[in-house]
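For reference, the structure is listed below as structure tokens.
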Amino acid sequence: MVEIALGTALAAIGAGVAIGFAGLGSGLGQGMAAAGSVGAVAEDNDMFARGIIFSALPETQAIYGFLVAILLLVFSGLLGGGQGLPTEAGIVAIGVGASIGFAGLGSGMGQGMAAASSVGAIVEDNDMFARGIIFSALPETQAIYGFLIAILLMVFGGILG
């Protein structure tokens, strides 16, 4: 049986929360955007490329969650065989995962809704593309906030240094 420090085990939970919830938000957002895009392409075949662009926008939340999860796994000693984390740092790691996980969940869903609506607006008026991108990018800020807090928690919570 492999001995794992409690802090390291808690960091594994934090990594799972980070990618699990951020990936869920990203997947739901991409599904909403793709659903709107399919309808737009059915009406106008020239909408395919623009639909792909809007469908890909909510992917970034999963990328943020993935990066945070990898950082937690590496610096907790689970990947690379380093020294395990103390319990206090493991508790911080759960907060790290929650900050990007929940921010990514809400942001991805919001971005998917905005992207789906934007695709529908572009079918009606091609001049809405740039404004649709701007509206669809706005919910990204919540994921960026969660990502920044996750990094700050790792730095000042004893995980990255």
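What to note about this one:
- The charge dipole of the chain, taken about its Cα centre with unit charges on the Cβ atoms of Lys, Arg (+1), Asp and Glu (-1) only, comes to about 440 debye.
- Helix 87-124 and the long axis of the chain differ in direction by around 0°, with both axes built from C-alpha atoms.
- FRET efficiency estimate (nearest 0.05) - Cβ-Cβ, L79 to A49, R0 35 angstrom: 0.40
- Using R0 = 25 Å, the C-beta based FRET efficiency linking I63 and L138 works out to 0.90.
- Cα centroid of the stretch 95-111 to Cα centroid of the stretch 64-87, whole Å: 19 Å
- Here the peptides 8-18, 120-130, 143-153 are ranked by packing, the mean other Cβ count within 10 Å, and the order with the highest first is 8-18, 143-153, 120-130.
- Based on DSSP H segments of at least four residues, each scored -39500 (n - 2.57), the chain has a per-residue ellipticity at 222 nm of -27500 deg cm²/dmol.
- Positive-end extreme of charge dipole, the chain - chosen from A121, Q111, G101 (charges on Cβ): G101
- Dipole orientation for the chain: of the candidates V68, N45, L24, V68 has the Cα lying most toward the positive pole (charges on Cβ; Lys, Arg +1; Asp, Glu -1).
- Ligands, DNA and RNA excluded, the heavy atoms of E43 present near 140 Å² of accessible surface to a 1.4 Å solvent probe.
- Accessible-area composition of the chain, carbon plus sulfur, in percent [1.4 Å probe]: 72 percent
- Share of Cα-Cα pairs in the chain lying beyond 29 Å, as whole percent: 31 percent
- Accessible heavy-atom area order of F156, F21, F135, highest first, probe of 1.4 Å: F156, F135, F21
The values are calculated or read from the model by the stated rules, or taken from the named source; none is laboratory data. Just so it is clear, the model here is predicted, and its values are computed rather than measured. A quick note on method: Cβ atoms are made from the backbone with ideal geometry, for glycine too, and the neighbour counts reach across all protein chains shown. Heavy atoms of the whole protein, side chains included, go into the accessibility calculation; ligands, DNA and RNA do not. Shrake-Rupley method; radii C 1.70, N 1.55, O 1.52, S 1.80 Å.
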